[in-house]
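Peer 1: Quick one: this structure, given as structure tokens, is what I'll be asking you about.
The values are calculated or read from the model by the stated rules, or taken from the named source; none is laboratory data. Predicted model only: the values in this text are computed from it and were never measured. Don't worry about glycine lacking a Cβ; one is built from the backbone with ideal geometry, like all the others, and counts go over all protein chains shown.
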Amino acid sequence: MMERILYIDCFSGISGDMLLGAFLDLGFPEKLLQQTLKPFGLGKTFKLIVNKTSRHEIAALQVSFPEVTDHASELLHTHFREICQKIESAPLNQEIKKLGLDIFRQLAIAESKVHQVDIDKVHFHEVGGIDSIADIMGIATALHWCEASRVIAPAVPLGTGFIHCQHGELPLPVPAVSELLREIPVIRTGIPAELVTPTGAAVLRTIVTEFQAQGHDSPWIVETTGYGAGSRDLAQRPNLLRLQLGHKVIAESDSISADIYPLETICMLETAIDDMTPEQVGGLQEELLTAGAADVIIHQVLMKKNRPGYVIQVMVPVENEIKMVDHLFSHSSTLGIRRGGISRYQLERTIEKIDTTLGTVRLKIARNLRKIILNIKPEYEDILTLAKKHHMSLSQVEQEIMAHYRSVSNSYKKS
């Protein structure tokens, strides 16, 4: 099994523009970034400029979003609710929108705590500007593009001194950054500069799956490296952020663990019946599933006195056990029910719509906790509808759907 790894080497701190520049240097297509930012005013409200530069003679990319004067205030959303509405209404992939919203939510939670106001009333200042919205949505798109299931970062370096902002002179790190980096390992560098911005801290808090000391990781293969430049030069070190994207082969013996596959306890109810018709048993199965059973399995068996019958096994969440017992007694002829607790591994499942040459199809996508896609299956009802519409077999339609999916996405890596 292959695991994709992204290492955020923030040795000089982190900001949104540094991270986005590093993603572009890593290979993230600028055209894809432009497509993401167009609904937020790219070309109308602001421009995207990507420059080649260097810090301490190390080549890097620098990203900026200068405003277009005639329309500069049209899409400048400064309240959390307004920003959420703009992101939710954008015609983007749902996972990208969710990640962008999650990053802004972390910012809002921090600002809410620092200023002691309700989260919906949070008023963003510096982080409510066009450049931060563009940074965050660009980063969300880039992270979706690189398909990393693990995102690693070292301890975060902090600068010292004061910075001038709308609230006056504030000590570094500013209060919002201090809140965002709570319970995250940091290092005081003594460098008299703002090394970590609120946007950078919010991104780290949202996307990093593990912070670790240097040299404490197991071996993995680095495929590509990208550098993003900050806006100023630092005398002490290059003001750069380095991204490394690669993979690690997970041994089969290491792949089944609680941190990869979620383990849950459910209740299994079981009863044996020999005096109901097949139609009644089929109706009972439908009734139990409608009532909230996770699964209903029916076995044909030979019972005492050589009577043919059925063993009915019902898997149900523990909190719905009594409700399901009541349904079994009410809708079957059973006089007794066996019960027991069992554990099961299961994958996270999401439904995603894609547009194919045949039509729109819902895909059921299964991932483990490290976000590695292990299974993709088109919904049967959509396959059937398209098969009838185009006079094709079910297997032909499914093959066409999967071929289209693989052509537009590299995220299906089943090992």
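Peer 1: Is it true that Leu363 is in contact (Cβ under 8 Å) with a residue 60 or more places away in the chain and in contact with a Pro (Cβ under 8 Å, 6 or more places away or on another chain)?
Peer 2: no
Peer 1: Let me ask something else. For Asp70, all conditions in the list (1) farther than 13 Å from Phe40 by Cα; (2) charged (D, E, K, R); (3) at pLDDT 90 or above hold save one; what is the number of the exception?
Peer 2: (3)
Peer 1: Being in contact (Cβ under 8 Å) with a residue 40 or more places away in the chain and either assigned to a loop (DSSP other than H, G, I, E, B) or among the aliphatic types (A, V, I, L, M) (or both) is the requirement here; does Ile354 meet it? Spell out how you get there, then give the answer.
Peer 2: Details: in contact (Cβ under 8 Å) with a residue 40 or more places away in the chain: yes; either assigned to a loop (DSSP other than H, G, I, E, B) or among the aliphatic types (A, V, I, L, M) (or both): yes.
Spelling it out, Ile354 is indeed in contact (Cβ under 8 Å) with a residue 40 or more places away in the chain and either assigned to a loop (DSSP other than H, G, I, E, B) or among the aliphatic types (A, V, I, L, M) (or both).
Peer 1: Which numbered condition in (1) loosely packed, with under 14 Cβ neighbours inside 10 Å; (2) of a type outside the set (S, T, N, Q); (3) modelled with pLDDT under 90 is the only one that Lys371 fails?
Peer 2: (1)
Peer 1: Just checking, does the stretch 153-173 include any residue being part of a strand (DSSP E or B), among the aromatic types (Phe, Trp, Tyr) and at pLDDT 90 or above? Don't jump to the end; show me each part of the working.
Peer 2: Pass one, the stretch 153-173, residues part of a strand (DSSP E or B): 153, 156-158, 162-165, 168-171.
Subset that is among the aromatic types (Phe, Trp, Tyr): 162.
The next check asks that each one be at pLDDT 90 or above; those that pass are 162.
Yes, the stretch 153-173 has at least one match.
Rundown of residues vs (1) in contact with a helix residue (DSSP H, G or I) (Cβ under 7 Å, 6 or more places away or on another chain); (2) outside any helix (DSSP H, G or I), yes/no style:
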{"residue": "Lys305", "(1), (2)": "no, no"}
{"residue": "Val311", "(1), (2)": "no, yes"}
{"residue": "Lys323", "(1), (2)": "no, no"}
{"residue": "His327", "(1), (2)": "yes, no"}
{"residue": "Arg349", "(1), (2)": "no, yes"}
{"residue": "Lys364", "(1), (2)": "no, yes"}
{"residue": "Lys388", "(1), (2)": "no, no"}
{"residue": "Ser395", "(1), (2)": "no, no"}
{"residue": "Met402", "(1), (2)": "no, no"}
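To keep it simple, each residue is scored yes or no on (1) assigned by TED's automatic domain parsing to the domain that holds Phe40; (2) modelled with pLDDT under 90; (3) of a type outside the set (Ser, Thr, Tyr); (4) in a helix (DSSP H, G or I).
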{"residue": "Ala60", "(1), (2), (3), (4)": "yes, no, yes, no"}
{"residue": "His77", "(1), (2), (3), (4)": "yes, yes, yes, no"}
{"residue": "Ile103", "(1), (2), (3), (4)": "yes, no, yes, yes"}
{"residue": "Leu107", "(1), (2), (3), (4)": "yes, no, yes, yes"}
{"residue": "Gly138", "(1), (2), (3), (4)": "yes, no, yes, yes"}
{"residue": "His144", "(1), (2), (3), (4)": "yes, no, yes, yes"}
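Peer 1: To continue, here is another question. Within the stretch 298-321, take every residue that is farther than 21 Å from Glu286 by Cα and hydrophobic (A, V, I, L, M, F, W, C) and give me the one that is modelled with the highest pLDDT.
Peer 2: Going through the qualifying residues, I end up with Leu302.
Peer 1: Could you please find all residues in the stretch 166-185 being touching a residue at least 24 places away in the same chain (Cβ under 8 Å), surrounded by fewer than 16 Cβ atoms within 10 Å (Cβ to Cβ) and closer than 22 Å to Val208 by Cβ?
Peer 2: Hits for the stretch 166-185 are Ile184, Pro185.
Peer 1: Consider Ser393 carefully, then state whether it is of a type in the set (Gly, Ala, Ser), within 30 Å of Asp274 (Cβ to Cβ), exposed (fewer than 12 other Cβ atoms within 10 Å of the Cβ) and at pLDDT 90 or above. Don't jump to the end; show me each part of the working.
Peer 2: Values: of a type in the set (Gly, Ala, Ser): yes; within 30 Å of Asp274 (Cβ to Cβ): no; exposed (fewer than 12 other Cβ atoms within 10 Å of the Cβ): yes; at pLDDT 90 or above: yes.
Spelling it out, it is not the case that Ser393 is of a type in the set (Gly, Ala, Ser), within 30 Å of Asp274 (Cβ to Cβ), exposed (fewer than 12 other Cβ atoms within 10 Å of the Cβ) and at pLDDT 90 or above.
Peer 1: Tell me yes or no: at least one residue of the stretch 277-284 is in contact with a strand residue (DSSP E or B) (Cβ under 8 Å, 6 or more places away or on another chain), outside the structural domain of Lys97 (by TED's automatic domain parsing) and more than 30 Å from His404 (Cβ to Cβ).
Peer 2: yes
Peer 1: Kindly evaluate Pro91 against the criterion of being touching a Pro at 6+ places or on another chain (Cβ under 8 Å) and either outside the structural domain of Ile354 (by TED's automatic domain parsing) or modelled with pLDDT under 75 (or both).
Peer 2: Judged against the criteria, Pro91 is a match.
Peer 1: Scanning for something in contact with a helix residue (DSSP H, G or I) (Cβ under 7 Å, 6 or more places away or on another chain), among the small types (Gly, Ala, Ser) and under 30 Å from Ala366 (Cα atoms), does the stretch 277-292 turn up at least one residue?
Peer 2: yes
Peer 1: Among the residues of the stretch 186-197 satisfying the criterion of being in a loop (DSSP other than H, G, I, E, B) and at negative phi, which is surrounded by the fewest Cβ atoms within 10 Å (Cβ to Cβ)?
Peer 2: So the first thing to find is which residues in the stretch 186-197 are in a loop (DSSP other than H, G, I, E, B), and the list is 189-195, 197.
Retained after the next criterion (residues that are at negative phi): 189, 191-195, 197.
Numbers: Thr189: 18, Ile191: 20, Pro192: 13, Ala193: 19, Glu194: 24, Leu195: 26, Thr197: 25.
The residue in question is Pro192.
Peer 1: Follow-up. Does the stretch 42-68 hold any residues that are farther than 16 Å from Gly16 by Cα, among the β-branched types (Val, Ile, Thr) and out of contact with any Asp or Glu (no Cβ under 6 Å at 6 or more places or on another chain), and which are they?
Peer 2: Thr53, Ile58, Val68
Peer 1: Could you list, in sequence order, the residues of the stretch 282-297 that are part of a strand (DSSP E or B) and surrounded by fewer than 16 Cβ atoms within 10 Å (Cβ to Cβ)? Lay out the reasoning, then the answer.
Peer 2: Narrowing the stretch 282-297 to residues part of a strand (DSSP E or B): 295-297.
Answer for the stretch 282-297, where residues must be part of a strand (DSSP E or B) and surrounded by fewer than 16 Cβ atoms within 10 Å (Cβ to Cβ): Asp295, Ile297.
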